[in-house]
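So the structure is just underneath, and the comments pick up after that.
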Amino acid sequence: MKKPRDTAKAVLLGRREALRAAFWGGTGILLGRGLSQSSLPSVVAGDLLVYAGGEKADQPILADQVGLNKALNAFPMDPNTQTVKKDPKTLIVLVRLEPKMLDKNTAKFAAGGFVAYSAICTHQGCPISQLGEVGSRKGKLVCTCHGAVYDPTAGAKVLGGQAKRPLALLPLKLQGQNLVAAGGFIGKVGAD
Ligand code: FES
């Protein structure tokens, strides 16, 4: 017979799975378990960042549309074919910060205070889309699944929780108001 503690754990895990499924459902993505790594789309230099969801889904993100200290999800779009690469492996979290907040190394890959990372938590793969707003989490990227905390000003290094690795970093550049990938992800995307 299941112990009450086991049952509670199962319910909790079920909720996390539901949360994850709801998010991916909202972005129109199907999680393809049978896909090989090589068949997955990737971010390459020149890809335009577009909104991953909401009313502006698939539209280019313009720099002046993003407020300071905001984080949002984006996908890369091939500017030649206008194909939006919708896959968990290409989901990006874009953050706008005061440029002076960024450490030296991170600033090299930023553009106008914008920094971008893989949005896939390195603990167990939940998507990240928000900056913490209270207490010690203020200005930090937080994974709500099990509480991993990353520092967007310092290469998304892990500040707390169970994650062991930083989020993969995406170099950026600005072309006018458009946010554009200046290369592919640096570091491993997703959970181990
Ligand atoms: S999946 Fe993000 S903290 Fe566990």
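The values are calculated or read from the model by the stated rules, or taken from the named source; none is laboratory data. As the structure is a prediction and not an experimental result, all values here were calculated from the model. Every residue, glycine as well, gets a Cβ built from its backbone with ideal geometry; the counts of neighbours run over all protein chains shown. To get the accessible areas, we keep the full protein, side chains included, count just its heavy atoms, and leave off ligands, DNA and RNA. Shrake-Rupley method; radii C 1.70, N 1.55, O 1.52, S 1.80 Å.
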What do you reckon, is residue 52 away from the ligand (no atom under 16 Å from the Cβ), among the small types (Gly, Ala, Ser) and open to solvent by less than 10 Å² (accessible area, probe 1.4 Å)?
-> yes
Looking only at the range 97-117, decide whether some residue is surrounded by 14 or more Cβ atoms within 10 Å (Cβ to Cβ), within 16 Å of the ligand (Cβ to nearest atom) and modelled with pLDDT of 95 or more.
-> yes
State all residues of the range 140-158 that are surrounded by fewer than 17 Cβ atoms within 10 Å (Cβ to Cβ) and either more than 12 Å from the ligand (Cβ to nearest atom) or farther than 20 Å from residue 69 by Cβ (or both); if no residue qualifies, say none.
-> 146, 147, 154, 157
For the range 57-77, which residues satisfy the criterion of being at pLDDT 95 or above, in contact with a strand residue (DSSP E or B) (Cβ under 8 Å, 6 or more places away or on another chain) and not hydrophobic (A, V, I, L, M, F, W, C)?
-> 58, 59, 60, 73, 76
